[in-house]
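All remarks here apply to the structure that follows.
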């Protein structure tokens, strides 16, 4: 599967077909990532560390930064 950078979707230049294809592909990528995250959530150590890092400000996520 070809990875579609979010920036490419945000910088939409008027081609609606390309926008639809990019959005569908990006949605599939997000679903894949959620599926991987669900497996990680089953591991209490990973889940606990993730919550700890977020709550202490050690880790932050910005969709714009990707």
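Modelled with pLDDT of 80 or more and not in a helix (DSSP H, G or I): is that true of residue 45 in this structure?
Numbers: modelled with pLDDT of 80 or more: yes; not in a helix (DSSP H, G or I): no.
Taking the combined requirement at face value, the residue does not satisfy it.
Can you pull out the residues in the range 50-66 that are at pLDDT below 85 and in a helix (DSSP H, G or I)?
Scanning the range 50-66 gives 50, 51, 54, 63, 64, 65.
The values are calculated or read from the model by the stated rules, or taken from the named source; none is laboratory data. Predicted model, so just to flag it, every value in this text is computed and none were measured.
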